[in-house]
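Engineer: Sharing a structure, written as structure tokens. Questions coming.
The values are calculated or read from the model by the stated rules, or taken from the named source; none is laboratory data. Remember, predicted model here, so these are calculated numbers, not experimental data. Heads up, the Cβs are rebuilt from the backbone with ideal geometry, glycines too, and the neighbour counts pull from every protein chain shown.
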Amino acid sequence: MARYDVAIIGAGHNGLTAACVLAKAGRRVVVLERREVTGGMCASEEFQPGYRSSGLLHDTAQVRSAVVEALRLDQHGLDLVAPPAMLLTGADRPGVMIHPSNEATAADIAAISAHDAGRWSAYQDFIGRVRSVIEPLLNDTPPDIGAIGTLQSGSLGTLLKSAMSFQKLGRREMAEVLRVPPMCVADWLNEWFENDLLKAGLAHGALVGMWAGPWSPGTAANLLLAGCTTTSAVKGGAGALAVALERAARHHGAEIRTSTEVASVAMSGGSARGVVLATGEVIEASAVAASCDPRTLFLDLIPAGLLPVAFEHRVSVVRARGTTAKVHLALDRPLEFAAKPGERVERARTATTLDDLERAFDAVKYGRASDHPVLDIHVPSVASPAMAPDGCDSVSLLVHFAPHALTGGWTDAARAALGDAAIAALERVAPGVGKAVVGREVLTPADIAARYGASGGHIHHAEHALDQLAIRPTLDTMRYATPVANLYLCGSGSHPGGGVTCAPGALGAAAVLSRR
Amino acid sequence: MAKRYDAIVIGAGHNGLVAAAYLAKAGRRVLVLERRHVVGGAAVTEELYPGFKFSVCSYVVSLFRPHIIRELNLTKHGMQLIPLECSFTPHLEGPGLVRWPDPHRTRREVSRFSQKDAEIYPEFSLAMTKMGFFVKQIIDSPPPAPGSMHPSELSRLAGLVGHLRNLGPDMVELHAQLLTMSAVDFLRMWFESDALLAPMSCSGIIGTFLGVHSPGTAYVLLHHYMGEIDGAFRSWGFSKGGTGGLSIAIANAAQAYGAELKVSAPVARILVRGGRARGVVLENGDEYKADVVLSCADPRRTFITLTGEQHFDGDFLSQLRRYKYRGSSGKVNLALDRLPDFTCRPGSGPHLQGDIAVAPSLEYLERAFDEAKYGEFSRRPYLNVVIPSLVDPSVAPPGKHVMSIFVQYAPYNLKGGAETWPSRREEFGDAVVDTLAEYCPGLEESILYRQVLTPWDLEQEIGLTEGNIFQGELSLEQLLFLRPAAGWARYRTPIRNLWLCGSGAHPGGGIMGSPGELCAKALLDSREV
């Protein structure tokens, strides 16, 4: 008899979530993490003496409160708070703040556009109504397409719930729900708003991790999905979530081994029976749950020749072209935005117009990193002063866009140029910041691939394109089980996708639990 | 006393003519009113230079429905299609690529670029052909009505689901990918070589304001595999006598069934009283009364220009306003003294008898799109060139040729404004000729006559709003039950007795005849005429 019920590959937030769910249900669980730290893309790390980053993924506004509550993470130190206000800022323009409260946001928008201020609540109301249709689908195992149209189709309850909400919207709005997702986010926002800064700032949210610009069809879906899942954020950021998950997992008896690299899935007769470590050690387990990305799992960790050729092909065409880089800055003084002099701002996005975003994306199509990147900014030391020395700031920049497959490769010079371009972009909205930088860490998509083991350096494990949202990652693995018996998926490459949600981890674990 | 008609059709485009023919065949008294002096709309042939007959706008017949040909007896009325022989992609270096109807020949051509691509080519064609059924379902019947609980709607939906289930889960996945992916991403699931990917992906962008990397462009690839489904050899071809030849055949059929046709009869407005369409008024003041009015003009012209905003509620108007046209293509038509001589495949030959695509690489195509995105026409555009006089001698004097060049991208909304197009027309024409001349030097000297059509011209001359050749973008959010507006996708309009029968209705643009046919059939079913 195997020593463990479940071996989990990867101690990122999804792997840890799966570990919590399984250990809480009484399973003997071991989590194997290649790196010396847990948390994966949520890990908060010291990148400069005295300065901690907020995690590669610094936006925690999509974390599923249902998962947090079910795992009683509050008992392990986790606090959910309202998402921080977001400053949308471009050079030479007054900024606008998106607050958790619609009234406050509308008041702020009114300063730049009375028309848009009036539209804000209608926009939020629309998302609120659509939420009842979409949210159930995003928080449950997707339906079984192989059994489409039959009563065997899984998740029937969820589908019915969603269908009933859909009917309740009425004919006109039903059509609207079907119309919006395939649109490009630029067109959709143009229908609502007139102010460039507002539209650019909102469009940002639809483009994280995308191989797409605001004029690419299908990007509206991401804005809609993000809107339908934003609830509350984690106090202390992504790193705090990782810490709480690890505590909870250990509390329930899960074993977590860091600096423990899985070399392959141990196979016997077409089924998984554990994992083989890089050291050669074999860890026997009745089931294996992989929170790594699907390409890495099936193309690297399963010994060659054991998977059907057609399946291997399907995995190989999953698109995971990283377009996001990360820059961490250590500042010797507080970060100050020109748009909000003297104010402490925790979250911000740069871009003056939709075309700024589009031009930044254009570079990627030709294998270049954008010379004028747009930034998604988190300043963790605003809410957690311990993240930086007194009177200083730690700044986290998600930099769009930089291709994993850079023409000429990611040399040290290319990495430095990326860092410089990001600082220059920040300088435009926070003049003087360049002189305040006392240390920096630049993670190119290639670095992200190397550090986090993510194929293509993709922060979502697979792009959030419409087809890969609907069938994720492939037809035969979209319900977490795989063609390999006893092998399950539980990472961002699975439904409902990437970002700090904990949903794939919880749903993957549920699939493991339901197998017996 | 003016004569009364059962139905008036505004516009003698191919869809208007198809609708008129079906109504007349069913015994209705029909009058077709055409603004221009010729029939055909964008499917028109004109002798712009003595002896040279140009397919001015639309230049190949793509998916014209075979059952319409049969039901309207169009062959008897002079319709004749000449299949496109091949597809030639010239390169500046090397021999270029020609795809032939003969799979072995194509295989040899493709293998010059990639052995793997050559081998998988037939497998790809097979998968696409299998999916053709799905498209056929879509274009040969009115759009589904999601959310409707009507038994007939539910049974149609169940039929589609059942069909998909029978195909197997793999095909369900492939359909989901086809509908949403970019042409390039979709093709890359099979192919690797740029030389093949570039010309193949082009069919996904024709008439759209999208690049080959833009999601949503894969679906149109399927249109190229519909031939076998239709039981015809191949459904892509030239119409004898130019594209207008097809329109004339439909007009002949309609007239043989008893329809009346007036050209140079521009409709000024649709008469609406008490929420009902009663007839039309021409620009010269003549009035024609009818029980129903069908319009094959695009939605904006039909509802805003010809009907008037005051007749519609706010929701419908806002849907009309957000419906996107933004034409992206232009046309250059040339009368040539001699055949072009391509450096990569010199001399005349069968490779010139199909379509010629200037699409040397994916990067070339994407850069062409990027220029247009920011309000400029492409300096090095994607070109789709045909020389119909090679296979249809009736369109040019002996030894001379007509060349039709479809050009993308030419954005209607230039940075300086759409109205600056006339002052830039010749500059645009020069860019097109210069581009092509890189592949066939000496082209300039062989030009006897040149016609340049910008999106502005397509709007002003042909009546296509913003120069969109499909009467509205064929993007997912403007297809099916959303074309042209939610709640009004079944050819009826908010004005009683006013029906829409052009490409702005389901299933959209292209020379299919489907909107005209489906509208006429829906109207006859309704027993309102």
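Engineer: Report yes if A:Thr411 is out of contact with any helix residue (DSSP H, G or I) (no Cβ under 7 Å at 6 or more places or on another chain) and of a type in the set (Val, Ile, Thr), otherwise no.
Structural biologist: Judged against the criteria, A:Thr411 is a match.
Engineer: Still on this structure, I have one more. From the list A:Trp211, A:Trp188, A:Trp215, exactly one residue is farther than 30 Å from A:Ser54 by Cβ, surrounded by 17 or more Cβ atoms within 10 Å (Cβ to Cβ) and within 11 Å of chain B (Cβ to nearest Cβ). Which is it?
Structural biologist: Selected residue: A:Trp215, the only one of A:Trp211, A:Trp188, A:Trp215 that is farther than 30 Å from A:Ser54 by Cβ, surrounded by 17 or more Cβ atoms within 10 Å (Cβ to Cβ) and within 11 Å of chain B (Cβ to nearest Cβ).
Engineer: Within the stretch B:436-444, is even one residue touching a strand residue (DSSP E or B) at 6+ places or on another chain (Cβ under 9 Å), outside any helix (DSSP H, G or I) and modelled with pLDDT under 95?
Structural biologist: no
Engineer: Looking at the stretch A:166-182, can you tell me whether even one residue there is closer than 30 Å to A:Thr353 by Cβ, more than 14 Å from chain B (Cβ to nearest Cβ) and modelled with pLDDT of 90 or more?
Structural biologist: No, the stretch A:166-182 has no match at all.
Engineer: Say whether the condition of being within 14 Å of another protein chain (Cβ to nearest Cβ) and crowded, with 24+ Cβ neighbours inside 10 Å is met by at least one residue in the stretch B:326-346.
Structural biologist: Among the residues of the stretch B:326-346, at least one is within 14 Å of another protein chain (Cβ to nearest Cβ) and crowded, with 24+ Cβ neighbours inside 10 Å, which makes the answer yes.
Engineer: Grab the helices (runs of 4 or more DSSP H) fully contained in the stretch A:402-516, keeping just those with 1 or more residues being within 14 Å of chain B (Cβ to nearest Cβ) and under 24 Å from A:Ala212 (Cβ atoms).
Structural biologist: The qualifying helices (runs of 4 or more DSSP H) are A:466-470.
Engineer: Just the residues that are away from chain A (no Cβ under 14 Å), buried (at least 24 other Cβ atoms within 10 Å of the Cβ) and touching an Asp or Glu at 6+ places or on another chain (Cβ under 7 Å), please, taken from the stretch B:466-490.
Structural biologist: B:Gly467, B:Gln471
Engineer: Checking B:Lys76 against (1) surrounded by 18 or more Cβ atoms within 10 Å (Cβ to Cβ); (2) part of a loop (DSSP other than H, G, I, E, B), only one condition comes out false. Which one?
Structural biologist: Result: B:Lys76 passes all but (1).
Engineer: Before we move on, is A:Ala220 at pLDDT 90 or above, surrounded by 19 or more Cβ atoms within 10 Å (Cβ to Cβ), more than 30 Å from A:Asp74 (Cβ to Cβ) and within 24 Å of the chain's Cα centre (by Cα)?
Structural biologist: yes
Engineer: Restricting attention to the stretch B:144-169, and to residues there that are surrounded by 14 or more Cβ atoms within 10 Å (Cβ to Cβ) and within 7 Å of another protein chain (Cβ to nearest Cβ), which single residue is farthest from B:Trp488 (Cα to Cα)?
Structural biologist: Per the stated criteria, the residue is B:Pro169.
Engineer: Of the conditions (1) more than 27 Å from A:Gly10 (Cα to Cα); (2) in contact with a Ser or Thr (Cβ under 9 Å, 6 or more places away or on another chain); (3) small (Gly, Ala, Ser), A:Ser44 satisfies every one except a single condition; which number is it?
Structural biologist: Here A:Ser44 meets the rest and fails (1).
Engineer: Kindly check whether there is at least one residue in the stretch B:109-120 that is buried (at least 20 other Cβ atoms within 10 Å of the Cβ), more than 11 Å from every other protein chain (Cβ to nearest Cβ) and in contact with a strand residue (DSSP E or B) (Cβ under 9 Å, 6 or more places away or on another chain).
Structural biologist: Yes; the residues of the stretch B:109-120 include at least one that is buried (at least 20 other Cβ atoms within 10 Å of the Cβ), more than 11 Å from every other protein chain (Cβ to nearest Cβ) and in contact with a strand residue (DSSP E or B) (Cβ under 9 Å, 6 or more places away or on another chain).
Engineer: A further question on this structure: Condition test on A:Gly253, is it over 24 Å from A:Asp476 (Cβ atoms), among the small types (Gly, Ala, Ser) and touching a His at 6+ places or on another chain (Cβ under 6 Å)?
Structural biologist: no
Engineer: State whether the residues of the stretch B:465-484 include one that is in a loop (DSSP other than H, G, I, E, B), touching a helix residue (DSSP H, G or I) at 6+ places or on another chain (Cβ under 8 Å) and charged (D, E, K, R).
Structural biologist: Looking through the stretch B:465-484, none of the residues is in a loop (DSSP other than H, G, I, E, B), touching a helix residue (DSSP H, G or I) at 6+ places or on another chain (Cβ under 8 Å) and charged (D, E, K, R).
Engineer: If the requirement is being assigned to a loop (DSSP other than H, G, I, E, B) and either acidic (Asp, Glu) or under 23 Å from the mean Cα position of the chain (by Cα) (or both), which of these qualifies: A:Leu16, A:Leu88, A:Leu22, A:Leu78?
Structural biologist: None of the others qualify; the one that does is A:Leu78.
Engineer: Scan the stretch B:435-472 residue by residue and report those that are farther than 22 Å from B:Ile387 by Cα and over 16 Å from the mean Cα position of the chain (by Cα).
Structural biologist: Of everything in the stretch B:435-472, those that are farther than 22 Å from B:Ile387 by Cα and over 16 Å from the mean Cα position of the chain (by Cα) turn out to be B:Trp456, B:Asp457, B:Gln460, B:Glu461.
Engineer: Can you name the residue in the stretch A:342-372 that is within 14 Å of chain B (Cβ to nearest Cβ) and small (Gly, Ala, Ser) and is also surrounded by the fewest Cβ atoms within 10 Å (Cβ to Cβ) among such residues?
Structural biologist: A:Gly367
Engineer: Could you say whether any residue in the stretch A:456-468 is closer than 30 Å to A:Pro143 by Cβ and free of Cβ contacts under 8 Å to residues at least 24 places away in the same chain?
Structural biologist: Yes, some residue in the stretch A:456-468 is closer than 30 Å to A:Pro143 by Cβ and free of Cβ contacts under 8 Å to residues at least 24 places away in the same chain.
Engineer: Restricting attention to the stretch B:178-212, and to residues there that are outside any helix (DSSP H, G or I) and surrounded by fewer than 24 Cβ atoms within 10 Å (Cβ to Cβ), which single residue is nearest to the other protein chains (Cβ to nearest Cβ)?
Structural biologist: Residue satisfying both the conditions and the ranking: B:Met189.
Engineer: Here is a further query. What are the residues in the stretch A:221-243 that are in a helix (DSSP H, G or I) and out of contact with any Lys or Arg (no Cβ under 9 Å at 6 or more places or on another chain), if any?
Structural biologist: A:Ala221, A:Asn222, A:Leu223, A:Leu224, A:Leu225, A:Ala226, A:Ala238, A:Ala240, A:Leu241, A:Ala242, A:Val243
Engineer: Pick out the one residue from A:Ala339, A:Ala386 that is over 24 Å from A:Ala417 (Cβ atoms), away from chain B (no Cβ under 14 Å) and either surrounded by 22 or more Cβ atoms within 10 Å (Cβ to Cβ) or touching a Leu at 6+ places or on another chain (Cβ under 7 Å) (or both).
Structural biologist: Answer to the check: A:Ala339.
Engineer: Here is a list: B:Ala410, B:Ala437, B:Ala396. Which entry is surrounded by 18 or more Cβ atoms within 10 Å (Cβ to Cβ) and either within 14 Å of chain A (Cβ to nearest Cβ) or closer than 14 Å to B:Val332 by Cα (or both)?
Structural biologist: B:Ala410
Engineer: Next up: Which of the following residues is outside any helix (DSSP H, G or I), within 30 Å of B:Val407 (Cβ to Cβ) and of a type in the set (Lys, Arg): B:Arg35, B:Arg105?
Structural biologist: B:Arg35
Engineer: To continue, here is another question. Checking B:Pro340 against (1) in a loop (DSSP other than H, G, I, E, B); (2) touching a Phe, Trp or Tyr at 6+ places or on another chain (Cβ under 6 Å), which single condition isn't satisfied?
Structural biologist: (2)
Quick grid of which residues meet (1) closer than 21 Å to A:His461 by Cβ; (2) modelled with pLDDT of 95 or more; (3) loosely packed, with under 14 Cβ neighbours inside 10 Å:
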site: A:Val262; (1), (2), (3): yes, yes, no
site: A:Val265; (1), (2), (3): yes, yes, no
site: A:Gly270; (1), (2), (3): no, no, yes
site: A:Val275; (1), (2), (3): yes, yes, no
site: A:Glu281; (1), (2), (3): no, yes, yes
site: A:Ala287; (1), (2), (3): yes, yes, no
site: A:Ala290; (1), (2), (3): yes, yes, no
site: A:Phe298; (1), (2), (3): yes, yes, no
site: A:Pro303; (1), (2), (3): no, no, yes
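Engineer: For the stretch A:191-208, which positions are facing chain B (nearest Cβ under 9 Å) and touching a residue at least 60 places away in the same chain (Cβ under 8 Å)?
Structural biologist: Hits for the stretch A:191-208: nothing passes.
Engineer: Further question on the same structure: Within the stretch A:9-37, which residues are touching a Cys at 6+ places or on another chain (Cβ under 7 Å) and not polar (S, T, N, Q)?
Structural biologist: A:Ile9, A:Gly10, A:Gly12, A:His13, A:Gly15, A:Ala18
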